[in-house]
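Computed from the coordinates by the stated procedures, all read-outs in this text should not be read as laboratory data. All values derive from a computational prediction rather than experimental measurement. We place every Cβ from the backbone using ideal geometry, glycine too, and count neighbours over all the protein chains shown.
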Amino acid sequence: IYDRTLDGPEIAAIYNAGAAGKCSSCSPTPSGIVGWWPANGNGYDTVNGNNGSLVNGVSFAPGAVGQAFSFNQVNQQYVDLPFGTTSQLLTNSAGSISAWVNQAPVAVSQFHMATAFGSGSAGEAVGFGIDNGNVRVYHHTDTFDWQTGVPVTVSTWTLITYTWDSTTERLYKNGALA
């Protein structure tokens with residue numbers, strides 16, 4: 001999660017790093033990074049200590065970069081982040097969320113949330129998920145709540161990055177503007 005809009009070359013660099021990770025050994029950390037949860041067997045934030053709590057039995061599986069969170073929608077599993085993390089995004093006029101996602105082949109027609117921050121109340125949420133095989137964006141208002149035509153291939157790691165500023169939203173898939 002970033003408190004600024006990542007640009008195309010930065011997003012392409014994250015994608016092109018592949019299994020090496022976006023910042024596995026960088027110093028200093030990327031500009032504007034608010035939190036980073038690499039899923040190394042826990043919900044720890046390696047940037048600001050805003051550690052998440054694993055809810056309803058979240059497990060881990062091999063990921064695109066190291067380990068990944070593995071969620072079971074039937075059990076409504078998620079990683080609960082502290083309010084300090086989410087409030088930084090909800091009060092910011094620009095930001096970026098980037099995540100490697102790998103949709104399971106089961107129930108593709110159902111909605112699967114990939115990332116979400118905030119209370120979920122009107123005007124208090126930002127995130128994206130997979131709905132009927134395509135990326136769906138949720139952001140603050142109905143204006144920025146949209147179903148895209150950007151597909152996510154089942155059983156394939158895909159880098160999804162959503163950026164926004166006060167006037168423009170952008171969605172990137174595998175490092176390229178979608």
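Points to keep in mind about this one:
- Each label was represented as a point 7 Å from its Cα along the Cα-to-Cβ direction; for N16 and Q147 these points are 3.6 nm apart.
- Rounded to whole numbers, the Karplus 3J(HN,Hα) couplings from phi for region 62-69 are x, x, 5, 10, x, 8, 9, 5 Hz, using 6.51 cos²θ - 1.76 cosθ + 1.60 with θ = phi - 60°, and x at Gly and Pro.
- Taking amide H as placed 1.01 Å from N in the peptide plane, N48 has its amide H under 5 Å from the amide H of W36, each at least 5 places away in sequence or on another chain.
- Interchain or long-range residues, amide H under 5 Å from Y78's placed H: V55, V58
- Computed from backbone phi, the HN-Hα couplings of region 7-13 come to 9, x, x, 5, 5, 4, 5 Hz, rounded to whole numbers (Karplus: 6.51 cos²θ - 1.76 cosθ + 1.60, θ = phi - 60°; Gly and Pro given as x).
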